[in-house]
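Here the structure is laid out as structure tokens; the discussion comes afterwards.
The values are calculated or read from the model by the stated rules, or taken from the named source; none is laboratory data. Here the structure is a predicted model, which means the values were calculated and not measured. Glycine also receives a Cβ, built like all others from the backbone with ideal geometry; neighbour counts cover every protein chain displayed.
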Amino acid sequence: MAQLNLQHLDKIYDNNVQAVFDFNMDVADGELIVLVGPSGCGKSTTLRMVAGLEDISRGKLLLDGKDITQAPAKDRDMAMVFQNYALYGHMTIYENMAFSLTLRKEDPNVIHKKVLAAAEILGLTSQLNKKPSQLSGGQRQRVAMGRSIVRNPKVFLFDEPLSNLDAKLRGATRREILLLHKRLKATMLYVTHDQTEALTLADRIVCMSMGHVQQIGTPLELYDRPANLFVAGFIGLPPMNFYDVLFQDGVLKGQGFTVELTPEEKATLSGYNGKEITLGVRPEDVSAGGGISTKVFSNENLGMNTLVHGYMGDNLRITAKLRGWTDYRNGDVVSLLFGRKHFFDKETTNAIRKEK
């Protein structure tokens, strides 16, 4: 497949609105990179710059060491899968998958072999004589992927390919994309606003906000060691709980609650004594049986786990993901305990790490 180098890419539109700022990363051969973030964060714009559908305002784009910054889309040897499938309704599935090769005037026998091979990979062999309207949304998306596979591109680009599917189909198609990546060992860039897709698919995730890259790392790195408040709040379901607290003499004091710290946690915050910081605690790191009094207002049983929502201290909301099935009612008072804690600087919003 291919190596891709995005070197300090900027996207500035004619009205001087900048959509992407200094996007810089190297994509290894066969790597699956997922760009994730809220709507308008610049992830699709970045993908379109890579595809050649948007001009690059500043920076360079290299494919296997060759500068393709100004190359037209048709000469970039990339294939893009869109969220709306972009299939020709009057053509059969076979004709849709063969279309790009037919335009290139490839040998019909070669086209036939490539289409059949792609159809077998995607489980579409029995659907080749049908029209797109006769297929489900998931099958149509597989046809769109098949159309890309037959081209044997150096890079696959996916722009929110599952957003039009229902939850069950999204899960099934996500697994198919993961299997496809493993089978083809292909270099892929994948854009989504869905963090579940990012966490389950990616070799590495690029988390973006307002045109800026917030953090690049493995799914575990972004979940376990978020670089800042934005990443901590965006990655993880339910979202992380955040509280303004004062670090004073080894104790965190919030609005109506106090948290004792371990020696290691105290060492991490050694430079913040007497200062306010932001405390972050994931719902799955909250357990029952501690000293934090919480008044329950909602109890959501999910089978093996229960989401308990309540107020602690001076009406601070908290969500705890407790193991097992609980039957708390509105107004019940429970005691909670914070496990793993994350600390963030109030001014920079960056994570506070222990100095090495």
In this structure, does GLU221 turn out to be under 16 Å from the mean Cα position of the chain (by Cα) and either aromatic (Phe, Trp, Tyr) or modelled with pLDDT of 95 or more (or both)? yes
Got a number for residues in the stretch 149-166 being of a type in the set (Val, Ile, Thr) and either under 24 Å from the mean Cα position of the chain (by Cα) or not assigned by TED's automatic domain parsing to the domain that holds MET80 (or both)? 2
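Quick grid of which residues meet (1) in a strand (DSSP E or B); (2) within 22 Å of ILE235 (Cβ to Cβ); (3) assigned by TED's automatic domain parsing to the domain that holds ASP249; (4) in contact with a Phe, Trp or Tyr (Cβ under 6 Å, 6 or more places away or on another chain):
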site	(1), (2), (3), (4)
SER293	yes, no, yes, no
VAL296	yes, no, yes, yes
TYR311	yes, no, yes, no
ASP314	no, no, yes, no
What number of residues in the stretch 159-203 are assigned to a strand (DSSP E or B) and over 16 Å from ASP77 (Cβ atoms)? 4
Selection count where residues are part of a loop (DSSP other than H, G, I, E, B) and either more than 14 Å from ASP203 (Cα to Cα) or in contact with a Pro (Cβ under 6 Å, 6 or more places away or on another chain) (or both), scope the stretch 23-37: 1
Considering the stretch 321-339 alone, what residues qualify as being in contact (Cβ under 8 Å) with a residue 40 or more places away in the chain and in contact with a Lys or Arg (Cβ under 7 Å, 6 or more places away or on another chain)? VAL333
Just the residues that are exposed (fewer than 15 other Cβ atoms within 10 Å of the Cβ), of a type in the set (A, V, I, L, M) and either closer than 17 Å to LYS354 by Cβ or in contact (Cβ under 8 Å) with a residue 12 or more places away in the chain (or both), please, taken from the stretch 215-245. LEU237
ASN16, sole failed condition from (1) within 22 Å of LEU184 (Cα to Cα); (2) without any contact (Cβ under 8 Å) to a residue 12 or more places away in the chain: (1)
Kindly indicate whether any position in the stretch 154-171 is without any contact (Cβ under 8 Å) to a residue 60 or more places away in the chain and surrounded by 18 or more Cβ atoms within 10 Å (Cβ to Cβ). yes
Right, MET312: at pLDDT below 95, surrounded by 15 or more Cβ atoms within 10 Å (Cβ to Cβ) and hydrophobic (A, V, I, L, M, F, W, C) or not? yes
Among the listed residues GLY271, GLY289, identify the single one that is more than 21 Å from PHE230 (Cα to Cα) and assigned to a strand (DSSP E or B). GLY289
Which pairs turn up if I take residues in the stretch 48-60 that are assigned by TED's automatic domain parsing to the domain that holds ALA73 and at pLDDT 95 or above and look for partners that are among the aliphatic types (A, V, I, L, M) and surrounded by fewer than 18 Cβ atoms within 10 Å (Cβ to Cβ) with beta carbon separation below 7 Å, at least 6 apart in sequence or on another chain? ALA51/ALA73; GLY52/ALA71; GLY52/ALA73; LEU53/ALA73; SER57/ILE12
Say whether the condition of being over 25 Å from PRO239 (Cβ atoms), of a type in the set (Val, Ile, Thr) and touching a strand residue (DSSP E or B) at 6+ places or on another chain (Cβ under 7 Å) is met by at least one residue in the stretch 185-193. yes
Is it the case that some residue within the stretch 168-182 is touching a helix residue (DSSP H, G or I) at 6+ places or on another chain (Cβ under 7 Å), at pLDDT 95 or above and assigned by TED's automatic domain parsing to the domain that holds GLY40? no
Mind telling me which of the residues THR196, THR200, THR258 ends up being surrounded by fewer than 17 Cβ atoms within 10 Å (Cβ to Cβ) and closer than 24 Å to VAL334 by Cβ? THR258
Within the stretch 26-37, can you find the residues that are farther than 18 Å from HIS193 by Cβ and surrounded by 15 or more Cβ atoms within 10 Å (Cβ to Cβ)? VAL27, GLY30, GLU31
Tell me whether the stretch 247-257 contains one or more residues that are outside any strand (DSSP E or B), modelled with pLDDT of 95 or more, of a type in the set (D, E, K, R) and farther than 16 Å from PRO38 by Cα. no
Residue check: is GLU284 surrounded by 13 or more Cβ atoms within 10 Å (Cβ to Cβ) and within 26 Å of the chain's Cα centre (by Cα)? yes
Kindly check whether there is at least one residue in the stretch 197-220 that is in contact with a Ser or Thr (Cβ under 9 Å, 6 or more places away or on another chain), farther than 29 Å from ARG323 by Cβ and among the small types (Gly, Ala, Ser). yes
